[in-house]
Amino acid sequence: MKKLMVLSSTILSTAAFSAYVDIAPAEFRSYKINEKISFRVAAYESEGKLLKSGTFSLKVTEAGSRRIMKDLPVDLSQKNDFTFEVSLSRPGFIFVSASPLKLAGGKTLKWESKPYAPYGGAAIEPEKIQPSVPRPADFDKFWANGVEEFKQAEVIVTPMPKARRKGYDVSRVEVKFPGGRGSIDGFMSIPQDRSRKYPAQIGVPGAGAGVTTVTPYYRGNQPAIEIWMNVHKFPTASHPATQKKRFDEYNESLPEKKYCYANVHDRDKYFFRDVWLALNRMVDYAAELKEFDGRNFASIGSSQGGGTAVAVAYLNKKISCLIVNVPAFCDHSGWKARRTCGWPNVHVAMKGKGDEVMPYFDAVNFASAITIPAWVSVGYVDTTCPPSGVYAMYNQLKGRKTMCDLYRLGHVVPTDFSKNIRKFYQAEFGGKK
């Protein structure tokens with residue numbers, strides 16, 4: 001019995017053990033080409049004590065793609081809390097990642113993601129990062145033809161009197177694709193106080209099953225007409241579990257088994273073409289509402305929603321400002337410049353099948369024609385929407401713009417995102433706090 005108790009205690013102790021690694025440059029700033037960058041590395045037990053044993057290695061790449069130095073082996077019994085230097089000979093990002101921790105006896109342990117993920121990043125003259133391929137010569141014509149096709153697309157608005165949202169009248173909205181190809185739907189909320197007119201915003205959520213809640217994740221600090229839609233071609237459910245079931249069934253019905261790759265071989269049939277054109281049609285519809293102030297219309301989103309927001313801002317001149325967090329669809333052809341492509345990383349996932357199509361769906365190419373004010377955030381250790389691609393897009397924006405550099409963050413919505421965008425809204429819309 002005594003031996004059993006000791007064994008149980010040992011198992012419990014091993015199971016409870018956790019560790020995190022802190023990887024960061026000496027200074028959080030942009031570095032110059034060929035400037036030596038000193039990275040500090042320290043590995044801790046979960047309670048904050050430096051680890052005294054275990055091994056792992058550090059992989060150092062440019063933008064998560066091209067290795068720029070040999071992997072660095074680390075033996076914590078020999079050194080912990082140390083520095084190493086690295087540089088880059090062109091504009092871009094250095095990305096440092098730690099392999100799992102190997103403990104005595106051969107056990108492997110994944111690093112905790114808090115307080116820091118097992119990554120570190122640094123920017124090298126990111127304002128000089130350029131598109132990886134030229135913009136297609138018929139890019140504008142391709143999208144102009146789509147806008148024309150959707151000009152008379154049917155918009156169906158169905159009041160939702162049982163929707164509980166204080167101060168707002170909520171409706172389900174659906175935009176039908178021409179030719180009976182399907183539709184997308186979501187929610188539109190209009191302030192109940194009709195004594196004044198309001199700004200508007202439109203957005204979609206990040207990748208996944210979609211939303212069932214009528215209130216947008218991201219919004220300003222004043223009443224507004226808020227359009228919050230899903231990208232999927234099945235009806236939005238009233239409960240998350242049902243939405244997820246429909247999402248799984250929809251993906252399973254596709255030859256590619258994932259919506260973001262559906263028909264990626266054909267630019268006229270690729271999944272997001274009809275979705276983005278339908279959102280553009282929804283902007284036109286909302287801009288005609290008597291409650292709209294006629295001037296202020298924001299395109300907003302994060303990740304999939306962020307890249308979509310860029311597309312909508314390009315498609316519709318009624319959009320007056322752009323707000324995007326860690327946007328997707330940036331730098332699809334980044335592999336040609338030895339950079340990691342942005343989500344959904346079609347080149348890798350589809351083994352090059354969509355390489356000719358994706359430039360027509362690249363936020364970098366949309367951005368080059370956008371002249372409105374923009375607020376953008378980028379995660380320096382984002383492995384989903386790499387910072388090199390986000391900056392390639394940002395550098396193409398032609399209007400007044402602000403970049404929020406998230407030096408230590410990856411693919412997340414930062415805690416101060418809402419505060420920052422409310423300040424941006426305040427400046428753009430001139431609303432009262």
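The values are calculated or read from the model by the stated rules, or taken from the named source; none is laboratory data. No experiment lies behind these values; they were computed from the predicted model shown. Note: ideal-geometry Cβ built from the backbone for every residue, glycine included; neighbour counts use all protein chains shown. The protein model used for the area step is the full one, side chains on, heavy atoms only, and it has no ligands, DNA or RNA in it. Shrake-Rupley method; radii C 1.70, N 1.55, O 1.52, S 1.80 Å.
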Would you list, by chain and number, the aspartates and glutamates whose Cα falls below 16 Å from the Cα of K70, excluding same-chain residues fewer than 8 positions away? E62, E85
Hz values of 3J(HN,Hα) by residue in segment 195-208 - Karplus curve (6.51, -1.76, 1.60), Gly and Pro given as x: 6, 9, 9, 10, x, 9, 8, 9, x, 10, x, x, 4, x
Determine the relative contact order of the chain: mean sequence separation of Cα pairs under 8 Å and six or more apart, normalised by residue count, in whole percent. 13
Selected from A63, V86, V157, residue furthest toward positive end of dipole (segment 59-187; charges at beta carbon): V157
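Assigning unit charges at the beta carbon (Lys, Arg +1; Asp, Glu -1) and nothing else, what dipole magnitude in debye, to the nearest 20, does segment 223-344 show about its Cα centre?
It comes to approximately 340 debye.
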Determine the shape class of segment 298-425: with a ≥ b ≥ c the square roots of the Cα gyration tensor eigenvalues, call it rounded for a/c under 1.5, and otherwise prolate if a/b is greater than b/c, oblate otherwise. oblate
Can you classify segment 98-193 as rounded, prolate or oblate using the Cα gyration tensor, where a ≥ b ≥ c are the square roots of its eigenvalues, rounded means a/c under 1.5, and otherwise it's prolate if a/b beats b/c and oblate if not? oblate
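Would you work out the charge dipole size for segment 50-99 about its Cα centre, treating the Cβ of every Lys and Arg as +1 and the Cβ of every Asp and Glu as -1, and quote it to the nearest 20 debye? Present the calculation step by step, with values, prior to reporting the outcome.
On the way: 7 positive and 5 negative charges, 30 e Å.
Roughly 140 debye, rounded to the nearest 20.
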Over what distance in Å are the Cα centres of segment 150-164 and segment 47-117 separated? 51
Gaussian network model of the chain, springs between alpha carbon atoms under 10 Å - residue of M160, M188, M282 with greatest fluctuation: M160
Under 5 Å from the placed amide H of D293, counting only residues 5+ away or on other chains, we find Y198
Helix axis angle, 240-253 relative to the chain longest principal axis, alpha carbon, degrees: 90
Heavy-atom accessible area ranking, 1.4 Å probe, most first, across W343, W276: W343, W276
Evaluate the charge dipole of the chain about its Cα centre and quote only its size in Debye, nearest 20, assuming +1 on the Cβ of each Lys and Arg and -1 on the Cβ of each Asp and Glu. 740
I need the phi-derived Karplus couplings for segment 420-425: 6.51 cos²θ - 1.76 cosθ + 1.60, θ = phi - 60°, integer Hz, Gly and Pro marked x. 5, 6, 5, 5, 5, 4
Charge dipole of segment 90-213 built from unit charges on the beta carbon (Lys, Arg +1; Asp, Glu -1), centred at mean Cα; most positive-end Cα among T212, I184, L109 is L109
Name the shape class, rounded, prolate or oblate, that the alpha-carbon gyration tensor gives for the chain, where a ≥ b ≥ c are the square roots of its eigenvalues, rounded holds for a/c under 1.5, and otherwise prolate holds if a/b is larger than b/c and oblate otherwise. prolate
Starting with the highest mean, order 41-47, 309-315 by the number of other Cβ atoms within 10 Å, averaged over the residues of each peptide. 309-315, 41-47
Pairs over 24 Å Cα to Cα, from K151/K290; K351/K398; K141/K398, come to K351/K398
Taking 23 Å as the cut-off for C-alpha to C-alpha distance, list the pairs among K176/K269; K318/K401; K128/K317; K110/K244 that go past it. K128/K317; K110/K244
Cβ crowding within 10 Å averaged over residues, with 399-406, 19-26 ranked highest first: 19-26, 399-406
Enter the angle in degrees (range 0 to 90, nearest 10) between the Cα long axis of helix 304-315 and the first principal axis of the Cα atoms of the chain, meaning the one along which they spread out most. 40
